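J.: Starting off with a structure, shown below.
Just so it is clear, none of the values below were taken in a lab; they were calculated from the coordinates. Source: prediction; values computed, not measured. Neighbour counts are summed over all protein chains in view; Cβ atoms, including those assigned to glycine, are modelled from backbone coordinates with ideal geometry.
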Amino acid sequence: MRKVHCFAAAGVAALLVPLSGCSGDADTPAATAAPAEAGTGTLAAKIGSAPGLTTISGALSEAGLADVFDGPGSYTVLAPDDDAFAKLGDTGSTLTEPANRAALVAVLRGHILPGHLTPQAIKTAIGEKKGPVSMRNLAGDQIEFSLDGDAIIATGSGGIKARIDGAPLVASNGVVLPLDALIKSAEPETIS
C-alpha cells in the first residue's frame, strides 16, 4: 500500500512540476516564487489546520497532493470551503471515493495556480488593467478574477463563479484563498 501511495504522490508531483512556471498570460497578476510576505508552515499544514477546510484537506490527502504541498514549490490554492463541497451533495461524496481519484485530481488541479498570489496582488492587477485579469491554473484552464464591490470573484473556464470568502492563509510555500464554491466541477461521466 505504501508503494502505491508514494507512486501516486510522485505521479501527481510530476504533473504539477512542469506546469508550475506556466502562465504566459499578459493579464496574469504577478505571482512570485519568493513572496515578500511568506508565512510559516506549509500549504498542507495550513489547509489541514484551518477550520472550514476539512473537506479539501481530506481530498488533497486522498489525491496524493498533500505531500506535494509539503514541498518547496510555490502555489496558490483556491480552496473551496466545507459548505462549497456540501452544496455538491452526493457528487461531492462520490468524488472523494478511491475509485474516482483521477476525477478528484482533475477538479483539484483546477483550483491550483502556480506561484504566490495574494488578494492584494489580484486587486492591484485588476486596478492596473481597469478590469478583469486571468491566470492559467494547473489544469491548463484560465481563471478570471474580477471585483464585485470589494469582493474578488474567481470564474472558472466553465463560467462557474466563486467568491474569495475569508482571509488568505499565507504559508512558507504559497497561499490559500478560501472560496465559497468550486470553480471546476467534475464531469459526471468521469465519476463512477
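J.: What is the gain in length, in nm to one decimal, between ALA99 and ASP82 on full extension, counting 0.36 nm per residue of separation less the C-alpha to C-alpha distance? List each step's numbers first, then the result.
T.: Numbers: separation 17, 0.36 × 17 = 6.12 nm, distance 2.15 nm.
Result: 4.0 nm gained on full extension.
J.: With r as the distance between the Cβ atoms of THR91 and GLN120 and R0 = 35 Å, compute the FRET efficiency 1/(1 + (r/R0)^6) and round to 0.05.
T.: 0.55
J.: For the residues SER185, SER49, what sequence is obtained by ranking on other C-beta atoms within 10 Å, fewest first?
T.: Ascending Cβ contact count within 10 Å gives the list SER49, SER185.
J.: Taking the Cα centre of the stretch 49-137 as the origin, how large is its charge dipole in debye, to the nearest 20, when only Lys and Arg (+1) and Asp and Glu (-1) carry charge on their Cβ atoms? Can you show the working numbers first?
T.: Details: 7 positive and 9 negative charges, 115 e Å.
Here the stretch 49-137 has a charge dipole of around 560 debye.
J.: At 7 Å along the Cα-to-beta-carbon direction for both ASP70 and LEU147, put a label point, then send me their distance in nm to one decimal.
T.: In this crude label model, ASP70 to LEU147 measures out at 4.0 nm.
J.: Share of antiparallel DSSP beta bridges in the stretch 36-192, in percent to the nearest 5?
T.: Taking every DSSP beta bridge within the stretch 36-192, about 75 percent pair in antiparallel fashion.
J.: Right, here's the next one. Show me the ranking of peptides 103-110, 84-91 by mean Cβ neighbours inside 10 Å, starting with the highest.
T.: 103-110, 84-91
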